[in-house]
1. Residue farthest toward the positive end of the dipole of region C:662-767, with Cβ of Lys/Arg at +1 and Asp/Glu at -1: which of C:Ala723, C:Ile754, C:Ser740?
2. Order C:836-846, C:309-319 from most to least packed using the mean count of other Cβ atoms within 10 Å.
3. Only Lys, Arg, Asp and Glu count, each charged at its Cβ (+1, +1, -1, -1), so figure out the dipole size of chain C about its Cα centre, rounded to 20 debye.
4. Among A:Leu196, B:Leu17, C:Leu488, what is the fewest-to-most ranking by other Cβ atoms within 10 Å?
5. How large is the Rg to Rh ratio of chain C when both quantities use alpha carbon positions and Rh follows Kirkwood?
6. Divide, for chain A, the radius of gyration over alpha carbons by 2.2 N^0.38 Å, where N is the residue count.
7. Report the local net charge at B:Ala234: Lys and Arg +1, Asp and Glu -1, summed over other residues whose C-beta lies under 10 Å from its C-beta.
8. What's the local net charge at B:Phe70, with K and R +1, D and E -1, over the other residues with C-beta under 11 Å away?
Amino acid sequence: MKRSIPLAIVITLGFLFVGYVFIPHKISTDFYEWYMEWIKAMSPFGVVLGIMSIVMTHSARIQHKVPNWQYSIVTLIAMFFTAYAGFAWGTQEGTPFMWLFKNVQMPMGATMFALLAFYIASASYKAFRARSAEATVLLLAAIIVMLGQVPVGVSMFGEGINDITHWILNVPNLASKRGIALGVGLGMVATSLRILLGIERTYLGGGE
Amino acid sequence: MNIFERLQMLDRRWIFLVVAVAIIVPLIIPFNSKTYTTEPTEKLYRIIDSFAPGPDEKPIEKDRALLLVFTHDASTMPELFPMEIAILRHCFARNIKVFTLTFLPSAAPIMDYAINTVKEEFPHVKSGEHYVNFGYKIGALMLPIILGMGEDISEAVDIDAEGRKLSSLPIMKNIKNYNEMNLIMDFSGSSAGGAWIVYARSKFGANVGAGVTAVMAADEYPYLQTGQLTGMLAGLKGAAEYEKLVEVFALKKREFSRELLKDPEYDNAITNPDIPYKFKQARIGMNAQSVAHIMIIVFILIGNIGYFITKYKEKQQG
Amino acid sequence: MKYMKLSIIGFIVVLLLSVCIPKEMHAVPKTITDIEVIDIPNDDGTGLQIMWKALPKESRIISYRIYRGTNKDTLFFIGEIPINVKTGANSETMSFYDKDFNEFLDIRSPGKLKKEKKAGQDSPFYQKIPKDMSIVGPMLQHYSILGVLPKDEFYYKTTQVEQTEGEETIVYAGVKSNQITMLKKLIPGNEYHYSVIAVDEKRKFWPADKIASGIPIDNEPANPTDFYATYVTDKQVLNFEWGHPLSYDDIYTYKIYAKSPAEDNIGKQIFETKTPQPFPSADYASIKLDDNKVIDKNGDILYDFAKNSIDKCEFYLVFTDYAGLKSTSEPISAKHITSNDLPTIPKLYIIDKKNDKGDYNTLFWGKPIAYINSVQPISKDKIVIGYDYNTNCNYKINEIYFDIYDKDYNLIKNVNEFFQDNIFNLKIDKCMEELEELNVKISFKYNGKVDQDYVIEQKLKYSPEILTLKAGPVSIDGNILEKYTYTLMKKTQNNEIYRSIKKAAGIERESDDKVAYESNVVKGVSNYDLEKNLFLVDTNIDLVWDKEAKSTISTSIYVSEKDKTIDNMKKQIESVEEMLKKATTDEEKAYYGDYLVQFQNSLKALESNSLLQEVNSITNQKKRMKKIASIREVDKRYFNYFMMMSNGKAYVVEDDMQLVDGELEYVIPAPNWFDFEKLPALIASLLFGLLVFLFVTFARQGKNLYVRPIAGIDEIDNAIGRATEMGRPILFCPGLSGISDVATLAGLSILGRIAKRAAEYDTRILVPCRDYIVIPIAQEIVREAHYEAGRPDSFDKNNVFFVSDQQFAYVAGVNGVMIREKTAANFYMGMFYAESLIMTETGNATGAIQIAGTDAITQVPFFITTCDYTLIGEELYAASAYLARQPLMLGTLKAQDYAKFFVLLFLILGTLLSTFHVTAIIDKFPNK
């Protein structure tokens, strides 16, 4: 029972939505819109799960004084204070919540994003080794594209490098991407089909 | 351990340091470099330019408009903001009707900032006549608005950021739906254009363009090739290209031509004090990118030389 | 170490406190001192403009809040203008327009009267108008109110309320405030009071120093502009065209007057049309003359007008509004032309749009059009020519021929675009400057035949401005297409006047018109019942258009009231008859006479209409309403279409009427049960399903299905083993997208297998989540895995935890876990975005074995460079089946491989065929 009811729901709704894709009729679109309204109403409740998880994990850490438990205090204070700021003073421009968002959240996000540039440099330094013929091709292609992307490269090697970059991006790169995308598409359909037909049930918890 | 072996084991923090220097120095000391334009950018420029009123046409009467959608927050501003102001500069210089819209609360200030930054240079430009800021609309309204604009923009958007009824604004004359507001530019740090391609393009035939960060640009190429995206600005490079196009054509009020771009007189923009910093920031940024790319290439080469020397030695020993 | 942690905590506390403690205020003005309320010109008397000077940037204002009231003691919040603190207001003077129908009461309105506390306890400012009937009820009389009700609310969920007004008892439909959205318009002549509160960065309210008042006044409409006239001498038709008025809401009629030199004023009226409110009209008039009369389409005489006076006549266009106020254009004279000067108009066709919900009609006309839109050089002797084409459902384009000639009409090349990709290359022997111009003749092969008589011409001229060839206008038989536009119009059965729906450019060939399904009922609201807490609206609903009586049949939504409609009509007829008797002037007599005929027709229709009788024979309230809904909602969606072509200067050509059996043809779009555009997708899905079925059957029969080994999957066990040996935990990251993403589901399936193995080895597995919904599912999976491995004791719920739903905050969290917990094996399975490298590079630095699997193609390179093994694209989906090694799972995997083979076959076939000009297969696939 614990398995079969959820499975029945998945299968029924799954086929209904497959139907929606092919049926443009008003009845089908109305059903879809009605369902979407419910999704909108239901999804906020998920937040509770998230908050519960954070509180439980971190309070357990504080309780057991695991190494670095002090950080958990910071996490909990930050979470509750931000939430409180939002409830108490609102979330419009000019409130503490917005201040936190603009002066804490946004710069920290941007900093993490900026790390990417450094990591790309160190990763490419370590990874690009002409170990084999394929690796050499990859290495050369990477260097050409990098040069083609910046004005200095074009000034150094002429406009031809631009065309080569364009060709690399548009022909071999796109071809391989399409190949992968095709596989991904089929893989998705196959996985969905496995779920729809009840063959794949791991996502319901546990094994077969 | 010789120097090459050491280089093989180099602590990544040294690399971080060199990259930081390579990025900061060109930003502080500007130098000229040539900007080469590419097709996706040119295509976008040309379609936007085709929205400009003719020499004997009143701008108000023009039945073409452009919508800029800001789908990003401050974290991706360095790459996307120069694009936005380059396009706005194009629109204001050529009297192209332009609208701005966002579904992200954090993008609303960026939108205002972009408009005001460009407007300072064009005193004749008026809100409600040359441009309208639709403002921030809540995310839940995204689909209804995208679909609604296919019928009637004034009705779907209703009021602009200044609280005015859209239908009462002179700019809306001759602008009804996607037939007139024919191009939507979506600026985004992740996947740009998605909903617009699915709904505005396939249902109403609107053209969709994208402004994306360089990391995500590779994701958009397939859409570009199939034509689902009319044009694309990819990262800082795209912004730099657009900056140049605006300077060469839009400000001089002439039409696009690839031949004119070859003229070297447009290559000294970065050190030209007459051009405000804000309209060449992407090109200055490209200098930093140039140096950083060269730096990384040098690193890769050094790494490889070290690799081969170590391998050679091992062979000799072994 | 301890001090460092403490100092971090201290720093954050200080940070948080600094937010709450207000900084010193600068002495900058924050109060608005110059509020002004003025009447909006050229409107219907329902608009006021509130103006004030924007406060300087230094005031740090974040928004202006506008309040309105009918007396100065209570002003309600009506709107807000947000301001960017950094840049200040966009203009010096701020304006707020309180005009047209805008929000009065809706779902966001508070339940009871709420003071705007921040403005001070004794200030007159209140939040939005509340739903409290004792407050909103008396306010109804100060505005004209429209109530918008979702149709089902009005059909089935109203309360029947009786009210006695004088001697009469009137039945109303009572609706609760949460059933209705109310919009308001100001009433001309009434006084309204306004004030503005400036809100600063600290969300402090700064009320303006005064309350300003204003009275909206009905003004005459804006003067007509761009008015042109032509006289087509051979057809005896006078054409007029004028610019579309910016605000047409208030215009009641458009009239044209002709003034001969002998006459004074603006002369005699020769044309009148009403506006199809609330829709815009087509801004033209085409008047047929017969001898000295103006006649209508049926040949009936409308006005006297001496044809030979056209030369000397001056024409005036007059806009009249509902209050009778007029505005008149400048006089113009008519230009004489013949029908040879006019283009021929293609016939308009209307069909139901295919593959839709049933809310669109497709309108199309004319033969296909193709034109060149750009020429760009790619090398010295090569140019790229871009073109576009428009066609419609009558013409399926097979091939487009571009015959390219030089300036002396020597043929350069014939280009055949058998597959229209909007671009072709052209070799030229001279540079473009020397070429000067190219002449292009464009013809088509459509519907399987070449149409040689239909040729489009276009010139490409060299422009020194842009250093390339510039595409000139497109012409057919010398008529330039861009000069003309098509105006598409439609009308319902119960309206005589066509409304304009779209102006299509001369090169367009098709347009969709939306015929929306009815979702709301709109009713005027002026009454309320305080006791029952209900708004009262009238109970009538229109049912159907009666063709014979030319009148709309209405009925009450209540069964008990069904007969009263007829009684009411009789009463109305009596009162009109009385008015007619009292009437003295001819004008009055004609006015009431018209009404009398109209009412009598309506009465006749009410008494004889069969549909109404059928409806009224149903006694069950709900069933009767269902019947009414089914009749009226269909009846309203019938439209007749019409098309006109013009150049904006009164060169007008009208298409024939859309007729069927001599009557106007009304069409209605129908919903479709299958989207044929998706037929290829359906066939492919069914084939795929069949393959799955076949291979699953084979697998069940015990056939050995070979699946190629995937290195990354084989290594999973080793990675877990290594973590166990080192005594360190495992990290499993289920990707950044939600549960509706198939990649996440695939990732979670793999989690099940990994968790089981980890539980067997008694190794801790950490699962940080970004999506709330994923947490309980992942917890359940890990828990089950522990139970299955026989180690329920080692399961800790807190090892599956939520980090943050912010992309980069999540990354920071996961990186922290990797570094602090020193995880020995990291798995990344699911959807990833730009953050992938930041995670894996950190993992790489901590020396963990990393295995990634994702279908995010752009992230694959990052994973490959930093992870030990990467499952690319489909391998992620295959992993679960591969690990399970069950026949059912392997069957689907095998089917997937074969499906891929078929796709490949199709790709090669399509490429080959289209290389040989066979596009039949490509054409079967949808374009978009």
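No value in this document is a laboratory result; all are computed from the given coordinates. Predicted model, so just to flag it, every value in this text is computed and none were measured. All Cβ positions, even for glycine, are placed from backbone atoms using ideal geometry, and neighbour counts span all protein chains on display.
1. Among C:Ala723, C:Ile754, C:Ser740, the one farthest towards the positive end of the dipole of region C:662-767 is C:Ala723.
2. Output ranking for C:836-846, C:309-319: C:836-846, C:309-319.
3. Once rounded to the nearest 20, the dipole reads 3520 debye.
4. By the 10 Å Cβ count, ascending: B:Leu17, A:Leu196, C:Leu488.
5. Answer for chain C: 1.04.
6. 1.56
7. Neighbour charge sum, excluding B:Ala234 itself: -2.
8. Every neighbour counted, the sum reads -4.
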